[in-house]
1. Pull up the stretch 27-54, narrow it to residues that are over 12 Å from GLN66 (Cβ atoms) and aromatic (Phe, Trp, Tyr), then point me to the one that is most open to solvent (accessible area, probe 1.4 Å).
2. Can you run down the residue pairs with Cβ atoms below 8 Å, 6 or more apart or on separate chains, where the first is in the stretch 7-23 and under 18 Å from ARG54 (Cβ atoms) and in a loop (DSSP other than H, G, I, E, B) and the partner is open to solvent by 90 Å² or more (accessible area, probe 1.4 Å) and modelled with pLDDT of 95 or more?
3. For GLU20, which of the numbered conditions (1) at pLDDT 95 or above; (2) open to solvent by 60 Å² or more (accessible area, probe 1.4 Å); (3) under 8 Å from the mean Cα position of the chain (by Cα) fails to hold?
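The values are calculated or read from the model by the stated rules, or taken from the named source; none is laboratory data. Quantities reported herein were computed from a predicted structural model and do not represent experimental measurements. FYI the Cβ positions are ideal-geometry reconstructions off the backbone, even for glycines, and counts take in every protein chain you see. These area figures cover heavy atoms from the full protein model, side chains too; ligands, DNA and RNA do not enter into them. Shrake-Rupley method; radii C 1.70, N 1.55, O 1.52, S 1.80 Å.
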Amino acid sequence: MILRYLFVVHKGRRICQSLESPEHGFIHGQQFWEGEHVSFSCRSAYWLEGSLERRCLKNGTWTGNQPKCILLGRV
């Protein structure tokens, strides 16, 4: 399988694919340019599973993985 990435370049910086808030959670930061980062949190009664923070890399991909908010007591 060959993966292809669409690179959008503006003022010499690439932009990564938009990220979504996890269900029952929040995304903090809306800058998806190379070098920028976003963080995630969950509503009360949920805990975050996965990457707390993700950074947009030079190649147009994100570090880490998309987190999930898991209801406490349902691990």
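1. TRP47
2. From the stretch 7-23, the pairs are PRO22/LYS68; GLU23/LYS68.
3. Checking GLU20 against (1) at pLDDT 95 or above; (2) open to solvent by 60 Å² or more (accessible area, probe 1.4 Å); (3) under 8 Å from the mean Cα position of the chain (by Cα), the one that fails is (1).
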